[in-house]
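The values are calculated or read from the model by the stated rules, or taken from the named source; none is laboratory data. This structure is a prediction, so every number in the text was calculated from the model and none was measured. Note: ideal-geometry Cβ built from the backbone for every residue, glycine included; neighbour counts use all protein chains shown. Accessible surface areas use protein heavy atoms only, side chains included; no ligands, DNA or RNA. Shrake-Rupley method; radii C 1.70, N 1.55, O 1.52, S 1.80 Å.
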Amino acid sequence: MCDTGDQQSTAAVIVKEPAATIVEMLKDVTSYEGEDAVFECRLSRETAQDAQWFLGDVPLQSNEMNEIRVQGARHTLILRKVTMEDCGPISFKVGQHSSAA
């Protein structure tokens, strides 16, 4: 705000978070049944945007079968003790960007 005594002017500053992009794409993984399968993606920056992992069309969350980690700009998915039913496309999405393996 600027106040000269008989006049006033106000303005606001708005800061927007720039969109993160995927700079290290997913790579295909081959694992034996009973082993863990590890997928990694690296973004252009740390972000508060929602990032989501998918197996096929099913969104994944951390639980006893899946571990999702975020370390800075690196996002990791670990599928624990995979079975034949786990075969299929894995994808990672953040904002308008996605990667698949």
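Among the aromatic types (F, W, Y) and in contact (Cβ under 8 Å) with a residue 60 or more places away in the chain: is that true of F39 in this structure? First the steps, then the outcome.
Values: among the aromatic types (F, W, Y): yes; in contact (Cβ under 8 Å) with a residue 60 or more places away in the chain: yes.
When the stated conditions are applied, F39 passes them.
Those strands (runs of 3 or more DSSP E) of region 9-101 in which at least 2 residues are out of contact with any Lys or Arg (no Cβ under 9 Å at 6 or more places or on another chain), considering only elements entirely within it, cover 66-71, 90-94, 97-100.
Scanning for something of a type outside the set (F, W, Y), surrounded by 15 or more Cβ atoms within 10 Å (Cβ to Cβ), within 16 Å of Q96 (Cα to Cα) and at pLDDT 90 or above, does region 28-39 turn up at least one residue? No; the residues of region 28-39 include none that is of a type outside the set (F, W, Y), surrounded by 15 or more Cβ atoms within 10 Å (Cβ to Cβ), within 16 Å of Q96 (Cα to Cα) and at pLDDT 90 or above. Where the second residue is small (G, A, S) and open to solvent by 50 Å² or more (accessible area, probe 1.4 Å) and the first is free of Cβ contacts under 8 Å to residues at least 60 places away in the same chain and lies in region 83-101, which pairs have Cβ atoms under 6 Å and are six or more apart or on separate chains? Within 6 Å, the pairs are P89/A100.
Give region 5-27 a look and list any residue that's open to solvent by less than 90 Å² (accessible area, probe 1.4 Å) and of a type in the set (S, T, Y), or say none. First the steps, then the outcome.
First, pick out the residues of region 5-27 that are open to solvent by less than 90 Å² (accessible area, probe 1.4 Å): 5, 9, 17-24, 26.
S9, T21, listed by residue number.
Right, Q49: under 17 Å from V23 (Cβ atoms) and open to solvent by less than 80 Å² (accessible area, probe 1.4 Å) or not? Yes, satisfied. Screening E46 with (1) at pLDDT 90 or above; (2) under 13 Å from V94 (Cα atoms); (3) among the acidic types (D, E) gives one miss only, at (1). Of the residues contained in region 73-82, none is found to be of a type in the set (V, I, T), out of contact with any Ser or Thr (no Cβ under 8 Å at 6 or more places or on another chain), farther than 20 Å from A101 by Cβ and open to solvent by less than 60 Å² (accessible area, probe 1.4 Å).
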